[in-house]
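Below is one structure, written out as structure tokens, with a few remarks after it.
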Amino acid sequence: MDLRAIRDRIADQHPAGIRGYARPPGTVGAFPAYIVTDPLDIDYRLTFGGRTRVTLAIRVLVSRRSEQDNTAALDDLVSTLPAVLEAITPDGLWQGFNITGLQGGYFQFQNGNDSEALGADLTATIDI
Amino acid sequence: MFQAEGVITIGGTDYSDETIEFTITRTRELVKGPATFGNIRQKNAAGALDEVVVITALNEITAASLQTELYDALDTPTSELTFSAKFTTAAIGADNPAYTGSFVVTGATVGGTVNQHNTQTWTFGITPAGITRDITP
């Protein structure tokens, strides 16, 4: 397993018009964006052959400047981004990459010290 | 013992990468005899030997998957598959035997529940030839 390369590839293969981050940045430079968050679970020995399964969240963010602003943009992303991410070619890094759901609903995201964003966490499992 | 990586071969193919659980259970039937006027103790004796393997695996659908191997075995006259199980990756020896034999495939399951990882568990009886515990390095 090469978790660093996996996160880098998921971020690097971002579609046009949205920025991808392989790890949580100090400040998100521009919206919309998604962040490959830190692993929630790693099963190092899923099988006798040593297959590994990583569970993590893909945090999807859109800008928000006022109450209820830009919710529609996040609606669009949580509708379309899962299929786009699942279609990333693994380049030998994983055997399966699935977005299984959205956990915890939409939430306010404090970006650095000033701007806010609206976010949602998509649960992803990666079989390696 | 902590179960780490091992080598599970079924039908001559290494399915370690798909196999989550592989256990061999050997049991003897308990035959009970009645107490008598001369001996009040119930008599217990060992009866027939039964051996089964339990396999849990990722239920892949590819041509090279274990599920396909089991599915196709059902169409063969004997419906039997050979197996070899070594529960560590170390060389075979007295403290790390390989268990070999054949089991009778009595069922195969295709498909699963959407948006969930697909695993299946099967229990198969061992053929009359029994299980060999190989400790030859």
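The values are calculated or read from the model by the stated rules, or taken from the named source; none is laboratory data. Quantities reported herein were computed from a predicted structural model and do not represent experimental measurements. Cβ placement follows ideal geometry from the backbone for every residue including glycine, while neighbour counts extend to all protein chains displayed.
Before moving on, here are some points about what is shown:
- Only one entry of B:A85, B:A73, B:A90 meets the criterion of being loosely packed, with under 15 Cβ neighbours inside 10 Å and of a type in the set (A, V, I, L, M, F, W, C), and that entry is B:A90.
- Looking across segment A:38-52 at every residue that is surrounded by 17 or more Cβ atoms within 10 Å (Cβ to Cβ) and either touching a residue at least 24 places away in the same chain (Cβ under 8 Å) or of a type in the set (A, V, I, L, M, F, W, C) (or both), the one that is farthest from the other protein chains (Cβ to nearest Cβ) is identified as A:T52.
- Taking segment B:14-64 as the range and being under 29 Å from A:R51 (Cα atoms) and not in a strand (DSSP E or B) as the test, the residues that pass are B:Y15, B:S16, B:D17, B:E18, B:N59, B:E60, B:I61, B:T62, B:A63, B:A64.
Matching residues to (1) away from chain A (no Cβ under 14 Å); (2) out of contact with any Phe, Trp or Tyr (no Cβ under 7 Å at 6 or more places or on another chain); (3) surrounded by 11 or more Cβ atoms within 10 Å (Cβ to Cβ):
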position	(1), (2), (3)
B:T9	no, no, yes
B:T13	no, yes, yes
B:Q42	yes, yes, no
B:A45	yes, yes, no
B:V53	no, no, yes
B:P77	yes, yes, no
B:V104	yes, no, yes
B:G112	no, yes, yes
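Rundown of residues vs (1) within 23 Å of A:N113 (Cα to Cα); (2) at pLDDT below 95; (3) crowded, with 17+ Cβ neighbours inside 10 Å, yes/no style:
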| site | (1), (2), (3) |
| --- | --- |
| A:G20 | yes, no, yes |
| A:G29 | yes, yes, no |
| A:V54 | no, no, yes |
| A:I58 | yes, no, yes |
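- Only a single item in (1) within 14 Å of another protein chain (Cβ to nearest Cβ); (2) in contact with a His (Cβ under 6 Å, 6 or more places away or on another chain) is not met by A:G20, and it is number (1).
- One residue alone among A:G112, A:G119, A:G26, A:G104 is farther than 30 Å from B:S16 by Cβ, in contact with a helix residue (DSSP H, G or I) (Cβ under 8 Å, 6 or more places away or on another chain) and away from every other protein chain (no Cβ under 14 Å), and that residue is A:G119.
Per-residue answers, yes or no, for (1) farther than 16 Å from A:L122 by Cβ; (2) not in a loop (DSSP other than H, G, I, E, B):
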site: A:A11; (1), (2): no, yes
site: A:G17; (1), (2): yes, no
site: A:G50; (1), (2): yes, no
site: A:S63; (1), (2): yes, yes
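- Subset of segment B:115-134 (residues that are exposed (fewer than 15 other Cβ atoms within 10 Å of the Cβ), modelled with pLDDT of 95 or more and assigned to a loop (DSSP other than H, G, I, E, B)): B:P128, B:A129, B:G130
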